[in-house]
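Presented below is the structure to which this report refers.
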There are 2 protein chains.
Amino acid sequence: MSTVFSKIIKREIPAHIVAEDDNYIAFLDINPLAKGHTLIVPKMEVNYVFDLPPDVLSGLFVFAQKVAKAIDKFSDAERIGVAVIGLEVPHAHIHLVPINGLFDIDFSKPKLMLNPEELVEITEKIISFVE
Amino acid sequence: MSTVFSKIIKREIPAHIVAEDDNYIAFLDINPLAKGHTLIVPKMEVNYVFDLPPDVLSGLFVFAQKVAKAIDKFSDAERIGVAVIGLEVPHAHIHLVPINGLFDIDFSKPKLMLNPEELVEITEKIISFVE
């Protein structure tokens, strides 16, 4: 069965996509810890990130770097933090989260409630910064 | 001025090193969230992980994958989570943390107090699993 991320890749489920190439896709997290919180997903459907072939894993982080630089320009946070947990969806993914402090990546914190207009605005801004 | 991580690389400060090659080093976190919590550090002294040259960044995660597979064998946790925060030491580094749940990478949690014998034992076990 397709994961929810594969359904996003196949456009069967909508998402706020900010970048995509042949092997990877980036879209906004629907339960963000901060404005600009983005998921980076390999199109290869593998559950555990460290089970990805090394070349797919390394490409994933080079793609994430490109997206992180765009989020950095969008966000006024100090930097973009990274978390890979992967217990929610059985399809490897990286969280990119704008952070100002050590405790800003904490998934037990209440999530932001963003309205649809804000999500579209954030998406468009990040897309405009992707090089 | 050298970062504390560069001092570890130059053997000016002791650490529980579990893996090393020409470009990267891995050692136990001294304030671990879990047994086996390990830091992966590029020898290139760059503050922000996304400022690393793409080839150094991708190599960092391939090296981390090798170490994560060893920690996976050492640990009975469900998988190895990843966090890159980097606001504590101005030298890019990846946290590899054995996790069983979404909330197990939370740096506001109290850290484990491991005694020197336990740290040596963990180090030796992880080293024995590095391929």
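The values are calculated or read from the model by the stated rules, or taken from the named source; none is laboratory data. Treat the numbers as computed from the prediction; the structure is a model and nothing was measured. FYI the Cβ positions are ideal-geometry reconstructions off the backbone, even for glycines, and counts take in every protein chain you see.
Quick notes on this one:
- Given (1) more than 7 Å from chain B (Cβ to nearest Cβ); (2) within 24 Å of residue B:97 (Cβ to Cβ); (3) in contact with a Leu (Cβ under 8 Å, 6 or more places away or on another chain); (4) at pLDDT 95 or above, index of the condition residue A:63 fails: (3)
- Residue count for region B:31-72 under the criterion of being assigned to a loop (DSSP other than H, G, I, E, B) and either polar (S, T, N, Q) or under 14 Å from residue A:84 (Cβ atoms) (or both): the result is 2.
- Among (1) surrounded by fewer than 19 Cβ atoms within 10 Å (Cβ to Cβ); (2) at pLDDT below 95, the one test that residue B:85 misses: (1)
- Condition met for residue A:41 (at the interface with chain B (Cβ under 10 Å from one of its Cβ atoms) and surrounded by 23 or more Cβ atoms within 10 Å (Cβ to Cβ)): no
- Residue ID - farthest from the other protein chains (Cβ to nearest Cβ), chosen from residues in region A:81-104 that are under 13 Å from the mean Cα position of the chain (by Cα) and without any contact (Cβ under 8 Å) to a residue 40 or more places away in the chain: A:86
- Test set (1) aliphatic (A, V, I, L, M); (2) surrounded by fewer than 19 Cβ atoms within 10 Å (Cβ to Cβ); (3) touching a helix residue (DSSP H, G or I) at 6+ places or on another chain (Cβ under 7 Å) - residue B:68 fails condition number: (2)
- The set of residues from region B:14-57 being modelled with pLDDT of 95 or more and farther than 22 Å from residue B:130 by Cβ comprises B:45, B:46, B:47, B:48, B:49, B:50, B:51, B:52, B:53, B:54, B:55.
- The residues of region B:107-128 that are surrounded by 17 or more Cβ atoms within 10 Å (Cβ to Cβ) and closer than 22 Å to residue A:50 by Cβ, listed by number, are B:107, B:122, B:123, B:125, B:126.
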